[in-house]
Amino acid sequence: MNQATPERDRVSSLASDYRSVRDHTESLVRALGPEDQSVQSMPDASPAKWHRAHTTWFFEQFLLAPHLPGYAPFDPAFAYLFNSYYEAVGARHPRPARGLLTRPDAETIGRYRQHVDAAMDRLLTREEPDLAPLVALGLAHEQQHQELLVTDILHAFAQNPLAPAAIPGWREPPGAPGPTGFVSLHGGLHGIGRSAQAPGFAFDNESPRHQVLLAPYRLANRLVRNGEYAQFIAAGGYRTPSLWMSDGWDVVGREGWTAPLHWRGAPGAWQQMTPAGLIPLDPEAPVRHISWYEADAFARWAGARLPTEAELEAGCGAVAEFTGHVWQWTASAYAPYPGFRPAAGAVGEYNGKFMINQMVLRGGSAATPPGHARPTYRNFFHPDKRWQFTGLRLAASA
């Protein structure tokens with residue numbers, strides 16, 4: 001009779017986590033047909049089947065090929081088709097042209113996933129503790145792509161006049177009841193970031209933990225609402241250049257922005273495109289699908305500002321809706337923490353090389369998989385991007 005050991009329990013838990021994450025990806029495409037999974041609506045987005053394949057390629061490339069003796073790739077050509085940005089492992093298909101890949105089809109991608117899952121099951125039974133951090137990274141990577149899969153297919157379906165539902169069972173999370181007010185938070189030295197001794201997974205950009213000196217400040221107790229943002233629109237927010245950063249004002253004019261992405265209709269009769277299809281805009285729901293430029297302009301119009309990422313991390317326990325609704329834009333540029341060092345090898349390309357010209361978001365959204373977000377998590381996008389579930393919380397000096 002086999003006796004349970006801490007190592008065997010850990011391996012069993014990792015295998016269970018692997019199956020759970022992989023199954024969740026497949027649940028997200030359950031209502032999508034083969035045509036739905038092939039569409040790419042803009043260069044920033046990717047087809048649903050590409051997300052399914054790329055997350056599978058990650059396990060094949062970084063775990064199975066180097067660590068499972070005798071592993072045979074499902075198709076050697078997939079190493080080129082489904083690499084994303086890992087220069088160290090070879091050439092890749094251009095990102096803007098992923099939607100041109102009608103082959104392999106969605107069914108073949110399903111077989112690819114099954115092939116890799118079966119091999120990963122064999123690898124995970126080998127009880128190699130040194131591989132656990134890399135497996136955890138692969139699972140966190142797939143969870144990131146689960147969120148991207150939701151937002152990318154939402155963007156694609158929003159181009160369709162029929163406004164179809166990508167996830168028919170999608171439910172909008174309830175927001176915290178009002179009124180909106182400000183919570184006063186003390187200044188001084190605050191520990192920010194992930195400690196090397198902390199249990200559980202974290203990305204390398206969350207470390208090292210370090211001290212940040214904050215002045216006393218105030219955070220809004222909840223996120224900015226759709227109704228409040230509609231007031232900004234009605235007050236001429238998109239027609240007032242003094243509210244905008246110069247680059248943002250250029251984008252407003254060039255792109256013709258007059259409202260958040262996925263808003264349709266007109267004042268008083270707004271609708272919003274969601275994973276469940278087109279629904280009436282809820283004025284009490286947190287506003288989402290706005291860029292950093294829009295968040296910054298709204299904050300200036302409201303007589304407030306965006307919080308820094310350190311302020312949000314230090315104060316997240318004192319406010320509502322930190323996770324589960326929208327990623328919250330901050331005033332902080334995406335940069336390395338003092339003492340940051342990327343991991344050795346190709347996986348070191350995961351975060352460090354993107355630490356320029358982007359802004360940090362904190363929290364987690366309605367599209368973020370359960371258990372994926374945490375207070376130290378650093379999301380990041382360029383300031384003009386708004387197809388993600390991105391919103392804002394106001395801050396002010398004490």
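The values are calculated or read from the model by the stated rules, or taken from the named source; none is laboratory data. As the structure is a computational prediction, the values presented were derived from the model and not from experiment. As a convention, Cβ positions derive from the backbone with ideal geometry for all residues, glycine included, and neighbour counts pool all protein chains shown.
Of all residues in region 372-398, how many are closer than 18 Å to residue 352 by Cα, part of a loop (DSSP other than H, G, I, E, B) and aromatic (Phe, Trp, Tyr)?
Within region 372-398, residues that are closer than 18 Å to residue 352 by Cα, part of a loop (DSSP other than H, G, I, E, B) and aromatic (Phe, Trp, Tyr) number 1.
Scan region 22-33 and give yes if some residue there is of a type outside the set (Asp, Glu), assigned by TED's automatic domain parsing to the domain that holds residue 133 and more than 18 Å from residue 153 (Cβ to Cβ), otherwise no.
Within region 22-33 (the criterion being of a type outside the set (Asp, Glu), assigned by TED's automatic domain parsing to the domain that holds residue 133 and more than 18 Å from residue 153 (Cβ to Cβ)), the answer is yes, since at least one residue qualifies.
Going by the structure shown, is residue 365 crowded, with 19+ Cβ neighbours inside 10 Å and closer than 29 Å to residue 164 by Cα?
Against the criterion (crowded, with 19+ Cβ neighbours inside 10 Å and closer than 29 Å to residue 164 by Cα), residue 365 qualifies.
Just checking, how many residues over region 14-45 are of a type in the set (Gly, Ala, Ser) and buried (at least 22 other Cβ atoms within 10 Å of the Cβ)?
Selection size over region 14-45: 1.
Look at region 204-226 and say how many of its residues are buried (at least 17 other Cβ atoms within 10 Å of the Cβ), of a type outside the set (S, T, N, Q) and not in a loop (DSSP other than H, G, I, E, B).
9
What pairs come out if I take residues in region 354-366 that are in the same structural domain as residue 317 (by TED's automatic domain parsing) and pair them with residues that are of a type in the set (Lys, Arg) whose C-beta lies under 6 Å away, six or more apart or interchain?
360/378
Could you check how many residues of region 139-177 are within 18 Å of the chain's Cα centre (by Cα) and farther than 29 Å from residue 83 by Cα?
Of the residues in region 139-177, 3 are within 18 Å of the chain's Cα centre (by Cα) and farther than 29 Å from residue 83 by Cα.
So, in region 42-73, exactly how many residues are assigned to a loop (DSSP other than H, G, I, E, B) and farther than 16 Å from residue 123 by Cα? Lay out the reasoning, then the answer.
Let us first name the residues in region 42-73 that are assigned to a loop (DSSP other than H, G, I, E, B), namely 42-47, 68-73.
Filter again for farther than 16 Å from residue 123 by Cα, leaving 42-47.
Adding up the residues that qualify gives 6.
Consider residue 24 against the criteria (1) at pLDDT 95 or above; (2) of a type outside the set (Val, Ile, Thr); (3) assigned to a helix (DSSP H, G or I); (4) more than 21 Å from the chain's Cα centre (by Cα): it satisfies all of them except one. Which criterion is unmet?
Going through the list (1) at pLDDT 95 or above; (2) of a type outside the set (Val, Ile, Thr); (3) assigned to a helix (DSSP H, G or I); (4) more than 21 Å from the chain's Cα centre (by Cα), residue 24 breaks only (4).
Go through 373, 398, 318, 333 for me and flag whichever is in contact with a strand residue (DSSP E or B) (Cβ under 8 Å, 6 or more places away or on another chain) and buried (at least 18 other Cβ atoms within 10 Å of the Cβ).
373
Would you please name the residue that is surrounded by the most Cβ atoms within 10 Å (Cβ to Cβ), looking only at residues in region 160-185 that are under 18 Å from residue 325 (Cβ atoms) and among the small types (Gly, Ala, Ser)?
175
Looking only at region 241-264, count every residue that is more than 19 Å from residue 387 (Cα to Cα) and either of a type in the set (D, E, K, R) or touching a residue at least 12 places away in the same chain (Cβ under 8 Å) (or both) and tell me the total.
Total satisfying the criteria: 3.
Would you pick out the residues in region 74-99 that are under 24 Å from residue 130 (Cα atoms) and in a helix (DSSP H, G or I)?
88, 89, listed by residue number.
When region 307-321 is examined, which residues are found to be in a loop (DSSP other than H, G, I, E, B) and out of contact with any Lys or Arg (no Cβ under 8 Å at 6 or more places or on another chain)?
308, the sole residue that qualifies.
Look through region 254-306, keep the residues that are in a helix (DSSP H, G or I) and in contact with a strand residue (DSSP E or B) (Cβ under 6 Å, 6 or more places away or on another chain), and return whichever of them is surrounded by the most Cβ atoms within 10 Å (Cβ to Cβ).
Filtering region 254-306 for residues that are in a helix (DSSP H, G or I) and in contact with a strand residue (DSSP E or B) (Cβ under 6 Å, 6 or more places away or on another chain), the one surrounded by the most Cβ atoms within 10 Å (Cβ to Cβ) comes out as 295.
Being part of a helix (DSSP H, G or I), assigned by TED's automatic domain parsing to the domain that holds residue 18, more than 27 Å from residue 12 (Cβ to Cβ) and more than 23 Å from the chain's Cα centre (by Cα) is true for just one of 102, 108. Which residue is that?
Testing whether each residue is part of a helix (DSSP H, G or I), assigned by TED's automatic domain parsing to the domain that holds residue 18, more than 27 Å from residue 12 (Cβ to Cβ) and more than 23 Å from the chain's Cα centre (by Cα) leaves just 108.
Matching residues to (1) within 29 Å of residue 341 (Cα to Cα); (2) part of a loop (DSSP other than H, G, I, E, B):
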{"site": "161", "(1), (2)": "no, yes"}
{"site": "165", "(1), (2)": "no, yes"}
{"site": "173", "(1), (2)": "no, yes"}
{"site": "180", "(1), (2)": "no, yes"}
{"site": "184", "(1), (2)": "no, no"}
{"site": "189", "(1), (2)": "yes, no"}
{"site": "197", "(1), (2)": "yes, yes"}
{"site": "202", "(1), (2)": "yes, yes"}
